[in-house]
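First comes the structure, then the notes that go with it.
Coordinate-derived values only; no laboratory data. What you see is a predicted model, and the numbers here were worked out from it, not measured in a lab. Every residue, glycine among them, receives a Cβ derived from its backbone with ideal geometry; neighbour counts consider all protein chains shown.
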Amino acid sequence: MTQILIAGIGNAWMRDDGFGGQVAKRLSERQLPAEVAVFDFGTGGLDLAYEVMRGYDALVLVDISRQGGEPGTLYVMEADEEDVDAGIEDGQVINPHGMDPQTVLRFVKTLGAWPGKVVVVACEPAVVEEMGFGLSEEVAAAVDRAVDVVLETTAELIAEAASAQR
């Protein structure tokens, strides 16, 4: 059976950076297919990397991303394994509480545990530079749309895996 990991990422104490966690929370309240696991990893990038190494067939990362759009704009991007540099250089420190998605993917690739297809569902933030709890109005309004996008993406990943197995 295909196994898909949905990972909410971000720091809930940095306003809109809590977006991934909010989406993961809403998803965990839903009835999901047996193939799908949802976790809010917060800022625990090393925890995410170790979970990915359990052998998932696909990974959906939910995070914020500054792409230049209006706050609340959603983006769906696919991470290509060929575009991710492998390796951790000698002397390079890995902060287990501050690993961004790119570093997590580098670490996982280095260990030979790339999770098949990797999709990022991201939201353009409005406020992340100041400490505080709670999403901006624009990003809060995007959470339910993001849940729908993640569910659609997950259904597509399951369907792709099923057709590949035929």
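Below, the figures for the structure above:
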{"quantity": "Spin-label model distance (nm) - ARG145 vs ALA34, 7 Å beyond Cα toward Cβ", "calculated": "3.5"}
{"quantity": "Ranked packing of 128-139, 150-161, most packed first, by mean Cβ within 10 Å", "calculated": "150-161, 128-139"}
{"quantity": "Formal net charge of residues neighbouring LEU135 (Cβ-Cβ distance under 11 Å; K, R +1; D, E -1)", "calculated": "-3"}
{"quantity": "Reported label for calculated Cα extents along the principal axes in Å given [x] 44, 43, 26; [y] 61, 37, 35; [z] 42, 39, 23", "calculated": "[x]"}
{"quantity": "Filtered trypsin sites (Lys or Arg not before Pro), region 1-82: DSSP coil and at most 11 other beta carbons within 10 Å", "calculated": "ARG30, ARG54, ARG66"}
{"quantity": "Residues whose placed amide H lies under 5 Å from that of SER65, excluding near-sequence neighbours", "calculated": "CYS123, GLU124"}
{"quantity": "Prolate/oblate/rounded label for region 96-166 (Cα gyration tensor, a/c 1.5)", "calculated": "oblate"}
{"quantity": "Cα pair distances of region 27-85 binned at 5 Å [whole percent]", "calculated": "4, 12, 20, 23, 23, 13, 6, 0"}
{"quantity": "Nitroxide proxy distance, nm - points 7 Å out along Cα→Cβ at ARG54 and GLU137", "calculated": "4.0"}
